[in-house]
Amino acid sequence: MARSHIMKRDIYTKLPAWKASSRRKPLLLQGAGQTGKTFILKEFGHSEYRNVAYCNFEEDPGLGQFFQRNLDPQRILEELSIYLNMEIRPGADLVIFDEIRASNHALNSLKYFAEQKNDIHIAAAGSLLGVKLSVPGSFPVGKVNFLHLYPMTFLEFLDAMVDSRYRELIENIETPESLAEAFHTHLVDMLRRYYFV
């Protein structure tokens, strides 16, 4: 499936590198609320994998029950496969644990996935604050790869507005110099739109 040209984010280029890494661990994508964490993970999953097993622990509190009894990755995968009505295949499918801060057991399970089922590609999303406030002992220290998604930059906004030629113009400026008035006027207008959005 081809990537959409809507809301392109620079962080996307780091996701295929994570997928291909021989040292890949479960990914924890952090960032403030409403910065596009869910969007980027779903876009990545649908573009780079055969299927996406999407689990939102805030929208579906019942998901947390699969992590209560124990944190055996094989059992969790089998039960999630039945619950989601899809087979979760190593390397072929992406498992997304969204709003993972709502389930401390799910957050802690990332450690066991890293140690016992690292062939399963798992990407979790959560706000930095929510993860920091998780119950002590539930954070999988050293067992996850981190990425941080910041709010959209002006350069990303230009890409999203199909104005990548203006992004290239800005990025290729090596020394401070005045732009042609036509460029300047257009960029100021785009900057106003960016601030408004």
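From the list Q68, Q116, which one is more than 21 Å from G45 (Cβ to Cβ), at pLDDT 95 or above and not acidic (D, E)? Step through it out loud before you land on a result.
On the way: Q68 fails: at pLDDT 95 or above.
Selected residue: Q116, the only one of Q68, Q116 that is more than 21 Å from G45 (Cβ to Cβ), at pLDDT 95 or above and not acidic (D, E).
Look at region 38-49: where a residue is farther than 16 Å from A20 by Cα and a partner is modelled with pLDDT under 95 and among the β-branched types (V, I, T), sitting 6+ places away or on another chain with Cβ atoms under 8 Å, you get I40/I11.
Looking at region 86-93, can you tell me whether even one residue there is buried (at least 17 other Cβ atoms within 10 Å of the Cβ) and either acidic (D, E) or modelled with pLDDT of 90 or more (or both)? Checked against the condition, which is being buried (at least 17 other Cβ atoms within 10 Å of the Cβ) and either acidic (D, E) or modelled with pLDDT of 90 or more (or both), region 86-93 yields at least one hit. Only one of (1) modelled with pLDDT of 90 or more; (2) of a type outside the set (D, E); (3) surrounded by fewer than 13 Cβ atoms within 10 Å (Cβ to Cβ) is not met by R165, so which one is it? For R165, the failing item is (1). Selection over region 19-42 of residues that are surrounded by fewer than 19 Cβ atoms within 10 Å (Cβ to Cβ) and of a type in the set (A, V, I, L, M, F, W, C) gives a count of 3.
G137 meets each of the listed conditions (1) in the same structural domain as K42 (by TED's automatic domain parsing); (2) modelled with pLDDT under 90; (3) over 20 Å from the mean Cα position of the chain (by Cα); (4) surrounded by 13 or more Cβ atoms within 10 Å (Cβ to Cβ) apart from (4).
The values are calculated or read from the model by the stated rules, or taken from the named source; none is laboratory data. These figures come from a predicted structure and were not determined experimentally. As a convention, Cβ positions derive from the backbone with ideal geometry for all residues, glycine included, and neighbour counts pool all protein chains shown.
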